[in-house]
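What follows is a set of notes on a single structure, which appears directly below.
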Amino acid sequence: MKKVIFVVTELRLGGRERVVGSIADSLLKENDVEIFSMWKNRPFFSTKTNVIWKSEDTTMPISIHSRDYKQLNHMIGAVKNNIIIPLAKKVFSYALLQRLRLFDLIRYIDRKKVDTIVLTDLTITFAPLIRKKCPSVRIIGWVHMEPIAFFEEQYKNYKKELIRGMNELNVLVTLTNKQAISFSKYTSSNVIFISNPMPNKSMYQSDLQKHIITVVCRIDIVHKGLDRLIEVAKGLPSDWEIHIAGSGSYENETKFKEMINENKLNDKVIWRTAIDGTELDKFYAEGSLFLMTSKFEGFPLTIGEAMSHGLPIIAFDIDGTRTILNEGKYGCLIENDNVSDMINRIKLLSESFEQRKKLSTLSLRRIKDFSISEIGNKWNDIL
């Protein structure tokens, strides 16, 4: 039985974080698997896999949920995110910023006699030091978006450091074939693609009758295209609403509230905080359409979740959505940034239960192509 460690920045709310837990859980039958979190935060998602943040102590800290604490935490986070972190990113490498945690991880690798370590996204910057200190360990990198978004938007301050890390990997895993071809230009390491898994058909199925469009995402204005979502909301049929579940940084949440208020959309955009488990299942099932307005995604897990509840999918044409919807065969793929076309497609589907039912059937058919067992087997093959 191999000892495998997945390394994440933190298991916050997000599709990437959820899928790390899903893959790790799927590998437990044949491997000894743990998740190492660089940040000392309690995971948003529950997993069967043990989540650790310190080599000497496997107990995660308990989050404080009081309103006063959250407000203080948001205020501290605003200062940190707007002033301290941007300055630090310009001056220091990520491996240097995380030097103490990185050496703690290396001690853990050595003490636990780890066979394989999987570095997700930004933690790929740790590969050179891990290679130096633990030469026998197999190092896999796992990226969750296309190169332009990865290097030029999400991690633009660490591009050189990430490329250096990618060249110390045994394997780099991407989510689509197009991403694999594109990332191979940056590294001499072996690059392959393994799609994210999709859930099985949920016991909570939409009846497609309610005039509700469902959105589940992190509240991130730029990444999730929430400015475009606001424009879509302004053009909705009068008796339809957008219900959104998700949370984000203090800055993004504050801005999103302002956008809803300024556009007088409080009766059209019904926003609640992040949810999980059965509550999330029921939230999906309340909708009759699922909408994604993201500007970039690797292989968005929320589309798979929505499909498992029988929801028709409407999304902008980006690499991840194009792959899942198979060029539009399994859902409505809208020209990227063409908000008016998205509004028109929503109107057509709002008027036709039969069309919604047809797309619902296609959604349930599509999830079978990405079962967790099939995806887990592909991961087992490269560990």
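The values are calculated or read from the model by the stated rules, or taken from the named source; none is laboratory data. No experiment lies behind these values; they were computed from the predicted model shown. Positions of Cβ are generated from backbone atoms using ideal geometry, with glycine treated the same way; all protein chains shown enter the neighbour counts. Note: accessible area is taken over every heavy atom of the protein model, side chains too, but ligands, DNA and RNA are not part of it. Shrake-Rupley method; radii C 1.70, N 1.55, O 1.52, S 1.80 Å.
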Self-check item: Extension gain (nm, one decimal) between Lys178 and Asp32, 0.36 nm per residue minus Cα-Cα
Solution: 49.4 nm
Practice problem: Provide the per-residue ³J(HN,Hα) series for the range 297-311, in order, calculated from phi with Karplus coefficients 6.51, -1.76, 1.60 and θ = phi - 60°, each as a whole number of Hz, with x at glycine and proline positions. | Solution: 8, x, 7, x, 5, 5, 5, x, 5, 4, 4, 5, 9, x, 8
Quiz item: Rounded to the nearest 0.05, what FRET efficiency do Lys255 and Asn336 have when you use their Cβ-Cβ distance and R0 = 30 Å?
Solution: 0.85
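I'd like to know how the range 138-186 sits against the 2.2 N^0.38 Å rule of thumb: what's its Cα Rg over that expected value?
This ratio for the range 138-186 stands at 1.05.
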Practice problem: Subtracting the Cα-Cα distance from 0.36 nm times the residue separation, let me have the gained length for Asn266 to Glu10 in nm, one decimal. | Solution: 88.9 nm
Quiz item: So what does the Cα-only Debye profile of the range 295-342 read at q = 0.14, 0.25, 0.31, 0.33 Å⁻¹, as log10 I(q)/I(0), no solvent term?
Solution: -0.29, -0.90, -1.25, -1.32
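Once R0 is set to 35 Å, what does the formula 1/(1 + (r/R0)^6) return for the Cβ-Cβ distance between Asn326 and Asp207, expressed as a FRET efficiency to the nearest 0.05?
Numbers: r = 26 Å, r/R0 = 0.73.
Plugging the Cβ-Cβ distance into 1/(1 + (r/R0)^6) gives 0.85.
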Quiz item: Got a sec? Charge dipole of the range 325-383, +1 on Cβ for Lys and Arg, -1 for Asp and Glu; which of Met342, Gly328, Gln355 is way out at the positive end?
Solution: Gln355
Practice problem: Give me Rg over Rh for the range 329-383, both radii from the alpha carbons and Rh done the Kirkwood way, two decimal places. | Solution: 1.20
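Per residue of the chain, what 222 nm ellipticity follows from adding -39500 (n - 2.57) for every DSSP H run with n ≥ 4, rounded to the nearest 500?
-11500 deg cm²/dmol
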Practice problem: Using θ = phi - 60° and the Karplus relation 6.51 cos²θ - 1.76 cosθ + 1.60, list the HN-Hα couplings for the range 330-343 in order, rounded to whole Hz, with x at every Gly or Pro. | Solution: 10, x, 8, 9, 9, 3, 4, 6, 8, 5, 4, 5, 5, 4
Quiz prompt | Inter-label distance for Ser371 and Lys132, nm, one decimal - labels placed 7 Å from Cα along Cα-to-Cβ | solution = 4.6 nm
Quiz item: Sorted by mean Cβ packing within 10 Å, highest first, what order do the peptides 130-136, 244-250 take?
Solution: 244-250, 130-136
Quiz item: Can you list the residues, at least 5 places off or on another chain, whose amide H is less than 5 Å from the amide H of Ser189, using H built in the peptide plane?
Solution: none
Quiz item: Per residue, how many Å² of accessible area does the chain show with a 1.4 Å probe?
Solution: 46 Å²
Quiz prompt | Reference-scaled alpha-carbon Rg (2.2 N^0.38 Å with N residues) for the range 161-226 | solution = 1.70
Practice problem: Exposed loop GluC sites (Glu not before Pro) only (DSSP loop, at most 13 other Cβ atoms within 10 Å): please give the longest stretch of the chain free of them, not including the sites. | Solution: 57-326
Self-check item: Accessible surface of the chain [probe 1.4 Å, protein heavy atoms]: carbon and sulfur percent
Solution: 50 percent
Quiz item: Treating the beta-carbon of each Lys and Arg as +1 and of each Asp and Glu as -1, no other charges, what is the dipole magnitude of the range 292-347 about its Cα centre, to the nearest 20 debye?
Solution: 180 debye
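Please state, as a whole number in µm²/s, the translational diffusion coefficient that the Stokes-Einstein equation yields for the range 242-362 at 25 °C and 0.890 mPa s, with Rh defined as the Kirkwood radius across alpha carbon pairs. Please report the intermediate quantities before stating the final value.
Numbers: Rh = 15.3 Å.
For the chosen part, D equals 161 µm²/s.
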Practice problem: Please work out the Cα center distance from the range 184-240 to the range 322-363, rounded to the nearest Å. | Solution: 12 Å
Quiz prompt | Backbone HN-Hα couplings from phi across the range 122-136 [Karplus 6.51/-1.76/1.60, Hz, Gly and Pro as x] | solution = 4, 6, 4, 5, 7, 4, x, 5, 5, 4, 5, 7, 10, x, 8
Quiz item: How far apart, in nm, are two points set 7 Å out from the Cα along the Cα-to-Cβ line at Phe353 and at Ile192?
Solution: 4.7 nm
Quiz prompt | Sites Leu97 and Lys378 - FRET efficiency at Förster radius 41 Å, r taken between beta-carbons, to 0.05 | solution = 0.80
